[in-house]
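Computed from the coordinates by the stated procedures, all read-outs in this text should not be read as laboratory data. Computed from a predicted structure; not experimentally measured. We place every Cβ from the backbone using ideal geometry, glycine too, and count neighbours over all the protein chains shown.
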Amino acid sequence: MSRTRLTVVLSQAQGKNPAKRALEESICAALIMEPGLDVSVVPYLYDLDANHTGRLFLEGVQGDMVVLTWLYPRACFWLLDRDGIKGHFGESQLKPADTDEDDEEASEPEPPKGIGSVEVPDRHIYCLDLRDFNKHEPYIDEVRRIARECKDRREAKLKQWVQGNPTMVQLGSYLRDSEQPVNGKEHPTFQPEELLKQPGRRWYPVIDYSRCTNCMECIDFCLFGVYGVDKLDRILVENQDNCKRGCPACSRVCPEQAIIFPDYKTPAIAGAPVGAITGLKIDLTKLFGGDAQDALQQAALERDRELVNDGRDAVGMTVGMPKRQTGKDQGPKDELDQLTDALDALDI
Ligand code: SF4
Ligand code: SF4
């Protein structure tokens, strides 16, 4: 696998939905005809554990990568990052057909204020959502555009590197050299039947570090030992399989909407973009239930249900509730309050 070829990985849907399988197959059939691409298929990304061959394959990919999944791009990107498959976020230009022009203008992403990822290699990872279109053409066009963008970026870097203007012959020689295995190691080959072995379903939180401020409210709230801290004292999903299936409680407690449950039915919790006017409407009415206090109460109820299921005592709102948000009504208004007020004033 070369650093100058673009790796494209399609992550299958859970189950055997024929319409989804048909779309996956038509995308793969079209992509393998494209020059300069390495195309692979893995099962549903969220379900891959550390020993799954699909995960080992993803870990071995060098260079830029496009991942097509049945997940929001934000969920896909931070899921990969959590598994050590890191890169810079590649901006997709794919817009679902029903994207409103006005919304698009209003939906400039918020500047990142989170702690970000660490040890990010010099490559880009683009995540495309397979729910956006039910035909393969838009995805093929976007992969072609990304391939051009990645090639231009590599060539610009090379020009900078040699501090001059290499001829096309020199560039060609660089590109051929880059086809050699890195450190003399070939990327291992995987058998398709191993790669596509269907994993069991999983449920755990994924942290969006572009939003996470490391406030530690989630670790205080979760009483099931899911969260921990790494050697840099950064919050971490440490024991992900301790999380209780179907429960999204801590995502309601996170003040930054940084906790994603990719399989949850509510878009704001499943990783829908944050920052758009439409996004805020979703967040305020569905994630926070229109009020941060309602959200905290709901989170406490969800947590109690899991405690009781485990034979433990319910604790209600007496343990691990976020201080900043419980004092919200009395305290000065924060950014979210101000945005809510602004939206109320707009009456939208
Ligand atoms: S509550 Fe949210 S912002 Fe705070 S540490 Fe946890 S994920 Fe990060
Ligand atoms: S959903 Fe519940 S069990 Fe899972 S991490 Fe959050 S608080 Fe812990």
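Data overview
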quantity	calculated
Region 29-64 versus region 212-226: alpha-carbon centroid distance in Å	32
Given Lys20/Lys265; Lys151/Lys231; Lys16/Lys135; Lys95/Lys197, the pairs whose alpha carbons are separated by over 25 Å	Lys151/Lys231; Lys95/Lys197
Net charge of neighbours whose Cβ lies under 10 Å from the Cβ of Pro43, counting Lys and Arg as +1 and Asp and Glu as -1	+1
Cβ crowding within 10 Å averaged over residues, with 112-125, 136-149, 55-68 ranked highest first	55-68, 136-149, 112-125
Two-site FRET efficiency, Lys16 against Gln160, from Cβ-Cβ distance with R₀ of 35 Å, rounded to 0.05	0.15
Likely footprinting exposure, Cys243, Cys76, fewest C-beta neighbours within 10 Å first	Cys243, Cys76
Fully extended contour minus Cα-Cα distance, from Leu301 to Cys28, at 0.36 nm per residue	93.9 nm
